[in-house]
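The values are calculated or read from the model by the stated rules, or taken from the named source; none is laboratory data. What you see is a predicted model; the values in this text were computed from it and never measured. Ideal geometry is used to build each Cβ from the backbone, glycine not excepted, and the neighbour counts take in all protein chains shown.
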Amino acid sequence: MAVTGGRQHSAERALIEKLEQLSLAVEKMKLAEYVDLLHRPARLMYINFLAGIARGMGAAAGWAILAALLVAVLRNLVRVNLPLVGSYIADLVILVQSQLAR
């Protein structure tokens, strides 16, 4: 009987440890906050709307920076005056600058 009681106590301890691990995992996932958010669809839409605006502004800023870097590189290539590429790049820079001026 003593062996059975010891095994049962060991099994209970292991079960308690697993429950504590599960509890910590659920807490880390913030499951309660997620469920609360699902019960409030207006708040969910508001948060997604703000996230969409932030993503759009970030994408616009990123593309603007890339375009500015491209124009700067092309200007420097025109200054170097490469024989075959120089005139093509000059035309391209003029085209980009005329589009930016609009």
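Being at pLDDT 95 or above and among the aliphatic types (A, V, I, L, M) holds for only one residue in ALA68, ALA61, and it is ALA61.
Give me the residue from region 71-102 that is of a type outside the set (A, V, I, L, M) and either at pLDDT below 80 or in contact with a Leu (Cβ under 9 Å, 6 or more places away or on another chain) (or both) and, out of that set, surrounded by the fewest Cβ atoms within 10 Å (Cβ to Cβ).
So the first thing to find is which residues in region 71-102 are of a type outside the set (A, V, I, L, M), and the list is 75-76, 79, 81, 83, 86-88, 91, 97-99, 102.
Retained after the next criterion (residues that are either at pLDDT below 80 or in contact with a Leu (Cβ under 9 Å, 6 or more places away or on another chain) (or both)): 79, 81, 83, 86-88, 102.
Details: ARG79: 9, ASN81: 11, PRO83: 6, GLY86: 14, SER87: 12, TYR88: 13, ARG102: 4.
Selected residue: ARG102.
Filtering region 48-84 to residues that are under 15 Å from the mean Cα position of the chain (by Cα) and farther than 18 Å from LEU100 by Cβ leaves ASN48, LEU50, ALA51, GLY52, ILE53, ALA54, ARG55, GLY56, MET57, GLY58, ALA59.
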